[in-house]
Structures are given as C-alpha cells and as structure tokens.
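Coordinate-derived values only; no laboratory data. These numbers come from a predicted model, not from an experiment. Here Cβ is always computed from backbone atoms with ideal geometry, including for glycine, and neighbour counts include all displayed protein chains.
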Amino acid sequence: MAERDHIVIAGGGRVGRRVAEDFVNRGTDVTIVERDASRIDAADADDRVTYLEGDATRPSMLKRAITDETDVVGALTGDQSTNLAVCMAAKQLFPDLETVARIQVEDGDEYTEFVDRVYFPERASIKAAVNALAGSDIRTLEGVTGDLELFDVRVGYDAPAAGEVVADALPEGSLVISQASGDVAVQHSTTLVAGRRYIVAADHEVVDEVLTQLRGATDD
C-alpha cells in the first residue's frame, strides 16, 4: 500500500525526475508538469510517470494536473520564485494539499508561511536534500554508501516501532528527521507515536526493514 496515492511535481529537470522515480518505485502515481517540451523528450520519459507540457504557475494547468487522489504538490524547478508561485497557487486552489518548494537559500524558514515544507538540494541529489532538510543532525549520514531514500510515512498502530524510541526502533543506516509537518525535529530519544507521520531517510538496503518497523504488516 503506497503512502502517497498521487503527487504532482513542477519541473522535469534532474531533481524532479529523481524524486519521481523514487515515488513510482514505491507504487505512487506521479505527474510531472514541465514547460520545456525538449526536456520532456530528452528525459526518455518513464512510462510510469505522466508528463504534462505546460506552465505549473497557471491555475488552469494545476487544475489539469491535480486530481482527487493528489496528496502533495512539489515545486522542484531551478527557479525559487517559480516554485513559490506554484505552491501558493496550488494551496489557493486546493487548500488541503501539502506543498513542498525547492528553495535556493538556506534561510528558508521565512517561506514556511506560504508553503508546508522547503528544502535545499544544492547538488540536486537526494543526499543533499536530506542534509538540507535535517540541518546538522543529518551530516553523519554523509558517509553512508549508496543512494538514500527520503519518504513520508505514517506509523501504524500495530507497527513494531509504535511506542518505541527512535534509537531502538530502526536499523543502522536510517534516520527519522522530523514530524511530517516539518515543525518538530526528532531526536534519537524521541518516542514514535502511532498514527503520526514522519520524514525518514534510509539507505536503500534497509528501506524495506524501516518500512516494516514503521508500518507493520500491510495488505500489499
């Protein structure tokens, strides 16, 4: 069972395509809105991803891309102003959607009034995005080999990790960064609360174990 049913990504560059790939690998439907047709063609579009050519800052395009199943809009273009405009327009049209904006400056807290979460993928990599989201607490993961997965997961009520502290609940190579709302950091001594969503980073080799600990048995 996917944690997200459908996400919309504004920006079909390297960051947008990488994030889309991570989500479709977990069974989430993804739509990418990209204004540059040549970029879509050059991407050798994954047929698991829906590509729409157009300007995601336009309400008409957002209405076309966003469905009843959409959980979150991620504005991941290389232009900060565009990303903020996309998120603000999406929130105006669909107030219940979560919005995530790629921001170029590290002092991004001032933008949380307008978007639900911000991140700063300076090197357009998942690892850089994780470090930017977590601040100094995540730097110890720089030495982990292989790609890191970054995901939003709700702790199941019957999950092994429910009621346990982070340090005891999860394997080496993983880290709970924050509550999914982005406003509460998580420490090693934090107790994981059933029903609450968290942002989690994990080396790809332990992702299955992490999800089993956090979600428990599923009906996949």
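Between Leu93 and His204, the modelled labels are 3.3 nm apart [label points 7 Å from Cα along Cα→Cβ].
Beyond 15 Å, what percent of the Cα pairs of region 41-87 remain?
Taking all Cα-Cα pairs of region 41-87, the fraction more than 15 Å apart is 53 percent.
Pairs of Cα atoms in region 6-124 fall into 5 Å distance bins, from 0 up to the last occupied one, in shares of 2, 12, 25, 25, 21, 11, 3, 0 percent. Taking other C-beta atoms within 10 angstrom as a stand-in for reagent exposure, Ile40, Ile66 fall in the order Ile40, Ile66, fewest first.
Can you tally the net charge around Leu93? Count Lys and Arg as +1, Asp and Glu as -1, for every other residue whose Cβ sits under 12 Å from the Cβ of Leu93.
+3
Taking the Cβ of Gly54 as the centre, find all other residues whose Cβ is under 12 Å away and add up their charges (Lys, Arg: +1; Asp, Glu: -1).
So the surrounding residues net to 0.
Over region 17-115, what relative contact order in percent results from Cα pairs under 8 Å that are six or more residues apart? After rounding, I find 20 percent. Residues Met88, Met61 in ascending order of nearby Cβ atoms (within 10 Å, fewest first): Met88, Met61.
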